[in-house]
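Report on the structure given below.
Quick note: the coordinates plus some simple rules give every number you see, no bench work behind them. On a predicted model such as this, the values are computed, not experimentally measured, just so you know. Here the Cβ positions follow ideal geometry from the backbone for every residue, glycine too, while neighbour counts run over all protein chains shown.
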Amino acid sequence: MLNKLSQSTILFVQNDDLSKAIYKGMIKRQGVKNLFMADTLDIGYEVYKINKLDIVIIDLTNFSYGGLDFIKNIKKDNKDIIIVTIVSFKDEVKSDGIDLIVAKPISIKKIFQKVELLVQNK
């Protein structure tokens, strides 16, 4: 993974403990050192407010209510932040403010390859 992405500060919002543990391990293996994990949208928003984040990854499958508002509020506040959403079906969500939509099953490595391009273009 390229150096710029490994130095990024990332928030991952996921409310399923098993999935969260799996994603955390996969993200750390990509060289990311600054990773925050949040169980709820409220906690995720608090983490966002007190930290300078570069990337937010949210599994919208588990947050059918409020997830898009969460994204819109963050993007309204910080247009430069990269938002990645994980969904069950790719055409399940369309929203301004989302930089990358990924359908399950996911590959963290492939996501990070695409995110690296987004980071380089910011």
Counting only residues 5 or more apart in sequence or on a different chain, those whose built amide H sits under 5 Å from that of Ile82 are Ile55, Val56
Diffusion constant of the chain at 25 °C, which comes from Stokes-Einstein with the Kirkwood Cα-pair radius and 0.890 mPa s, µm²/s: 173 µm²/s
Taking the Cα centre of the chain as the origin and placing charges on Cβ (Lys, Arg +1; Asp, Glu -1), which of Phe112, Leu41, Tyr65 is farthest toward the positive end of the dipole? Phe112
Using just the helices of the chain, give the 222 nm mean residue ellipticity in deg cm²/dmol: DSSP H runs with n ≥ 4 each add -39,500 (n - 2.57), and the total is spread over all residues, rounded to 500. -12500 deg cm²/dmol
Report relative contact order for the chain in percent, whole number only (criteria: Cα-Cα under 8 Å, sequence separation at least 6). 26 percent
For the residues Asp17, Asp54, Asp39, Asp99, what sequence is obtained by ranking on other C-beta atoms within 10 Å, fewest first? Asp17, Asp39, Asp99, Asp54
